[in-house]
Amino acid sequence: MSAQRTTWQKIARRIRVPLGFVCAAIFLYLARPSLATLAASIPVVGCGLWLRGYAAGYVKKNAELTQTGPYAHTRNPLYLGSILIAVGFAVAARSWPMAVVLVAMFLAIYLPTIRSEEEFLRAHFADFDTYASRVPRLLPRLTPAKTTASKGSFSPELYRKHREYNALMGASAIYAALIARLLFWPR
């Protein structure tokens, strides 16, 4: 792997959250929501939030290779949930430029981050390659992959530990801002 790629992966991992806040500001500026787009976005954002919350209740970061629950369908359910949330908000915003920004952000930030995390998992968990051969990176398989992992179950404690409730609070704040934008600053 080139040193340049490794450097960008490290940068991408560090800036993805702060860049999300910058993206949110741009998003609110470019947004042209309507009641119809807000309503259409709710199921998509809701699915993304549910998937992130469900995945957070299974993952034991850096302690084990999680292969059960949503991780038996996709190796990156948290990122897939984030993508669904972003798509939902792009619908709510009714802004093609924002959709382009979201796609560019995903390609520039999340793909290198996923690769970097896979390198870590490959180096720390001997069965990662077997798992990766059975479970797709992002787009989920319909049936759960058969793995050698013990059965896992959703843990509310893990959900709280990973503070996944912050995604719900953030989505609620964005909806509140979009509604305020619609009511007080229409275009």
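Observations, loosely collected:
- Lys pairs under 17 Å by Cα in the chain, provided they are eight or more residues apart or on distinct chains: 4
- Building the convex hull from the alpha-carbon atoms of region 1-109 and averaging its projection over directions returns 8.0 nm².
- Helix axis angle, 3-30 relative to the chain longest principal axis, alpha carbon, degrees: 30
- Once both labels are positioned 7 Å from their Cα atoms along Cα-to-Cβ, the gap between Trp50 and Phe125 label points is 2.5 nm.
- Inverse mean reciprocal Cα-Cα distance (Kirkwood Rh) of the chain, Å: 17.7
- Taking label points 7 Å from Cα along the Cα-to-Cβ direction, Ile179 and Lys61 give a separation of 3.1 nm.
- Accessible area in the full protein assembly, largest first, 1.4 Å probe, for His162, His124: His124, His162
- Axis of helix 77-93 versus longest Cα principal axis of the chain: the two differ by about 10°, to the nearest ten degrees.
- FRET E, pair Arg14, Phe154, Förster distance 30 Å, beta-carbon r, rounded to 0.05: 0.50
- Region 141-187 - Debye-derived log10 I(q)/I(0), Cα point model, q = 0.20, 0.31 Å⁻¹: -0.80, -1.02
- Cα long-axis angle, helix 35-56 against the chain (0 to 90 degrees, to the nearest 10): 20
- Rh by Kirkwood over Cα pairs, then Stokes-Einstein D for region 70-109 at 1.002 mPa s and 20 °C, µm²/s: 198
- Calculated FRET value between Arg137 and Tyr165, using beta carbons and R₀ = 25 Å, to 0.05: 0.40
The values are calculated or read from the model by the stated rules, or taken from the named source; none is laboratory data. Please read all numbers here as calculations on a predicted model, not as lab measurements. A quick note on method: Cβ atoms are made from the backbone with ideal geometry, for glycine too, and the neighbour counts reach across all protein chains shown. Each accessible area value is taken on the protein alone, full model and side chains, heavy atoms only, with ligands, DNA and RNA left out. Shrake-Rupley method; radii C 1.70, N 1.55, O 1.52, S 1.80 Å.
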